[in-house]
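Q: What follows is a single structure, and I will ask about it in a moment.
The values are calculated or read from the model by the stated rules, or taken from the named source; none is laboratory data. Here the structure is a predicted model, which is why all the values come from computation and not from measurement. Because the Cβ atoms are built from the backbone with ideal geometry, glycine has one as well, and the counts that use them run over all protein chains shown.
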Amino acid sequence: MARYRFWIHDKDEEGRPLDEEIVKAAEEIAPTVTRYRQKEIRCESTTNRMLQDAVEAASKARHSRPIENPTGYPTFAYKRIVDKFLNRQKRIVAVDDTFLEDLANSGESHSYEEMIHNRLLLEKLMEAMDPDTRRVCSARIDGYSMVEIAEQLHVTPNCLAVRYMRGLKKAADKVLGEDKQR
């Protein structure tokens, strides 16, 4: 079985160049640092994505103040990102089929028509959202908390909540306005 070759982009998602020293250091330590909790992650591409996130975080920190240890900072950032990822995965609880069957039979039954209507309404609402609100909404659907999203966007949770609620209200007004016109 061939070894997985880690790749690190030299630019972030928005096309800004990353610090060359941090990228070189990460390329050198990638085979070693990515062994951290790899058996729990079980996916090289996910590991690579988390390594890229660590390099981006270290590069951003590099621009605000100098980093004395260019290999240690991405290593620490990578371990923190992996720990958060695995803690989020622990929230998912596996259950057997009999439990799910009992749960389905005991609860209120929803019609498929209502479920489809709700899904279409959600899609229509997301299409009406501005890009920032849509990004936050997608992250919320993926299971991220407002605090985690706010940290990623470098804003306070309160500021993010206010922006998100305003964006939702605008999108809802837009969707409801279209329905009234029909």
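Q: Check segment 61-79 and report whether any residue there is hydrophobic (A, V, I, L, M, F, W, C) and at pLDDT 85 or above.
A: yes
Q: Return yes when Ile8 is β-branched (Val, Ile, Thr), in contact with a helix residue (DSSP H, G or I) (Cβ under 8 Å, 6 or more places away or on another chain) and not assigned by TED's automatic domain parsing to the domain that holds Val82 and no when it is not.
A: Judged against the criteria, Ile8 is a match.
Q: Of the numbered conditions (1) farther than 13 Å from Ile22 by Cβ; (2) crowded, with 21+ Cβ neighbours inside 10 Å; (3) over 14 Å from the mean Cα position of the chain (by Cα), Tyr73 satisfies every one except a single condition; which is it?
A: Condition not satisfied by Tyr73: (1).
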